[in-house]
Each structure stands twice: as C-alpha cells, then as structure tokens.
1. Simple spin-label model, 7 Å along Cα-to-Cβ: B:S159 to A:R125 in nm?
2. Would you please put A:188-194, B:58-64 in order of how densely packed they are, using the mean number of other Cβ atoms within 10 angstrom per residue and starting with the highest?
3. Provide an ascending nm list, one decimal, of label-point separations from B:K47 to the equivalent residue in each further copy; define each label point as 7 Å from Cα along Cα→Cβ.
4. For segment A:107-172 and segment A:66-97, what is the separation of their C-alpha centers, rounded to whole Å?
5. Count, for each residue of A:18-30, the Cβ atoms from other chains sitting within 10 Å of its Cβ, then give me the mean as a whole number.
6. Need one value for A:9-16: mean number of C-beta atoms belonging to other chains within 10 Å of its residues' C-beta atoms.
7. Rank-order A:163-169, A:17-23 by packing density, defined as the average count of other C-beta atoms within 10 Å over each peptide's residues, highest first.
8. Within segment B:71-161, report the GluC sites (Glu not before Pro) that DSSP leaves as loop and that have at most 16 other Cβ atoms within 10 Å.
There are 2 protein chains.
Amino acid sequence: MKKIQVLVAEDQAMVLGALAALLETEPDIAVCARAANGREALTLAGKHKPDILVTDIEMPEMTGLTLAAEVRERLPQTRVIILTTFARPGYLRRALDAGAKGYLLKDRPSAELADAVRRVHQGLRVVDPDLALEAWDSGPDPLTERERQILWRAGEGKSSGEIAEELHLSEGTIRNYLSEAISKLGASNRVEAARLARARGWL
Amino acid sequence: MKKIQVLVAEDQAMVLGALAALLETEPDIAVCARAANGREALTLAGKHKPDILVTDIEMPEMTGLTLAAEVRERLPQTRVIILTTFARPGYLRRALDAGAKGYLLKDRPSAELADAVRRVHQGLRVVDPDLALEAWDSGPDPLTERERQILWRAGEGKSSGEIAEELHLSEGTIRNYLSEAISKLGASNRVEAARLARARGWL
DNA sequence: AAACCCGGATGACAACTGTCACATCGCTTT
DNA sequence: AAAGCGATGTGACAGTTGTCATCCGGGTTT
C-alpha cells in the first residue's frame, strides 16, 4: 500500500513539527517534506510532487492563499488544504477561489486533519461546516469603506476629533458614521463594534 | 524507567493534538492529559498530578499565566512551561513571577519542546535567551492587578457600569482605576491604553 | 424637471468618560 | 496609639460619545 504523501507548510516551527508528528502517527500518511513559508513550500512541492499540501494562511514570503493559486497552476495533481486559525468568511472565499480543496480550522479536533487529508486525496472537498454556516449567516460585509476607515481608527483609540482631522471630515460626521457602524454590528459602543468587525474579518 | 508525565493545555484543538503527538514520539515522555483551557487544565492537573504542565498563555476561561500561579500554589510538585506565540517581555516577566520554570516560543524548532520538558523536569529553568535579554532592559509592568482586570474588560468594549457590576465595585471606582491606568501608560483614553498594554504584554 | 439617493454636515440632548479632590476603612509600620 | 498606606467610594465638573431629526448639494432615475 502506498502512503499518501503530504507536504506541510507552517511558519511557527514548533507547530510545524507538531503537525508533522501528528500526521506521521497515521499508518497511511507520510510527511514527505516541511516548509516554513509559502515560497519554500512551492519549491518543495515542485521537487516532491506531494499528493496533498497542508498549509497555513498567514506566512512570510508567500501566503497560503497565493500558494494555493500557484500550486493549482503548476502542480494540478497536488491538492491543497488550508489549515488556519482564522474563521473569516473572506478567507474561506478566497481560498476556494484559489482552488483549495479543503479549509480546516486549527480549532477543530486534531483527528480531523488526517480525515481531511484522506477525503481530499479521494477527490472530495472538505470545508469546515461551522465556518461555512457562519459565512452564510454572518452574511456579507455590511460596512461601507468610510465606516471601515473610521471604525479602524476608532479601534486604535483615536477620538472622533482626531479621526475627523485625519480624514478631513467634520467631527459630527465621524460620530454619525460610528453610530451607523455600531448599529449595523449590533454593538453598544465603538470599541465593541471594532472588536466584532475584526473577529469577522471586516476590518 | 518511569516516563515524564506531561499535561498539555492549548486552546486550539488541532495544535493541542499535534503537540501531544509530538511529545508522544519521545520514548521518555508521556502525555497524561490534555486541556482546552486554563480551568480545565487546573482540574486535570489536580487529578493527574503531572510532572510537567506545558501551557499556552492566551486561552479562554483562565490564561496560562493565572494557571501557572494557581498550579504553583496548589500543586508545587508540578512544574510549568509556558509555550506561546508571543515574544513579549511583559509576558515573560509575569510568567516567571507566577512561578513558571520555562518560557518557550512557538517559533522555535519542535525538537526544543522535548528538551525543555526534560530540563525542567531535572530542576533547571528554560527561558528563550533572546527574549530574556529583551525583558531585561524593558521596564516593569506598571499595572496593578485591578487595573489589569479593568483595562482588559474596557478593551473588550464594556462600559464602566458593566465592569463595575461584574467586579462588584462602584462605577466611580472603575473610572478611577481607568484614569490611573491611562495616565500610567501615557494614553489619552481607555482604548489606547488597552492597546498599548496589550502590545507590551501587560494585558 | 421632479423625485430620489448618497455622502456629508449641523445642532441638540442624554449618556458615558476622564479627572480631581477628598472621604472611609482596614492593615502595617513606627 | 499615631501615622501611613492601599483599596475603594463619592461628588462634582468638563469633555467625549451615541442618537436622532433634519438639512444640503450633486448625481441618477423616471
């Protein structure tokens, strides 16, 4: 029986080693190489032609999303699984657009990783069900560009007056935008609004 | 030969499982239990009396730092190793104050984890050398425990009134603590204060 | 052209926030 | 015992924030 060859890419060395150890405990899976960033992963993928590439998103040199797109183009026989901390609908969409076959969260039980590898290897897609749901009912980004700019600055601790000056708007207008953003997000003040927006990947 | 009994606490389930798998590959180390947050870790530590507790810092319910302090008090025979993403001097300092025997970054090669476990088990301390240097010349944490509690909640977007209720203090007292924290940090409002404190690892 | 929508502005008002001076109260230090 | 200290509370005051109704001017739609 031939083992499924997996390449793992992850920038935190400790986590990379741990994920590799986790996959190696499976009898039908072998980790053929490890990469500490996207560029390295692309090189190693070319060399090893793995069946599956498991990759983080936020990495130096090249993000997992770019990596996925490159791999689809150059190594169509290698299937990509995104493994990330971020349950952001925006990331999920971009990952799928980039041709990723799986999107898995680091929050999920570790047993699911090997499962996902097997399923994707069989040609199935694996998308975190909670995230898919959340992406569905958290809906699209409700913030306008102005609201985003302003909420971002408010989240840094800037006052309405400072933001007004920075954006060449009146202070009252800033307050209006913030009020609108707070109400859209169901928050009770600017800080909570910023926190919620960040959590959903809208900031 | 008796294996070193290790309890691992980490809120990202996938990483938790992977770290456990990593440690299990060592012949002289056994993972006796796993916890998904600080409170669970404390309970399990009481039950299993592990030799070593490897814990993340940022976790729900109870942070790794609080956990370290509790463990020192209740289970002095268990030694704590902090394993975290954050190279923040303030975290290191607080970890050591809380009685942690090791402070390791997730950036480091995965082989160092087992090493650290062995060394700490032998009674040595293991602290990331770069971080130790940085911690030396950055100032001490200026915040009191109360200020930290309150600033933390303020940073989540809670109002003075909500925080007062939560901590059974008067609203005026909350405002006083926040005012003090803002002035200590040289910020101009609670949001900026929280941001600064977080960046330095004081929250 | 009339009707509408959009980004932006205004003013008023209540609520919340930040500051400060000053109490209390219990616990140490002298 | 007196003094000092730290944690907490109070009251007052000014400044900031959140909400709302309304207004204005420039494009679009009809």
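Where a number appears in this text, it was derived from the coordinates with a stated rule and is not lab data. Everything numeric in this text was worked out from a predicted model, so none of it was measured. Positions of Cβ are backbone-derived with ideal geometry, glycine not excepted, and every protein chain shown enters the neighbour counts.
1. So the two model labels end up 4.5 nm from each other.
2. Ranked from most to least packed, the peptides come out as A:188-194, B:58-64.
3. Ordered by distance, the counterparts are at 4.5 nm.
4. Using only Cα atoms to place each centre, the spacing works out to 17 Å.
5. For this peptide, the per-residue mean of nearby foreign Cβ atoms is 5.
6. 6
7. Ranking the peptides A:163-169, A:17-23 by packing returns A:17-23, A:163-169.
8. Working: sites: B:E73, B:E112, B:E134, B:E145, B:E147, B:E156; in loops: B:E156.
Those satisfying the criteria are B:E156.
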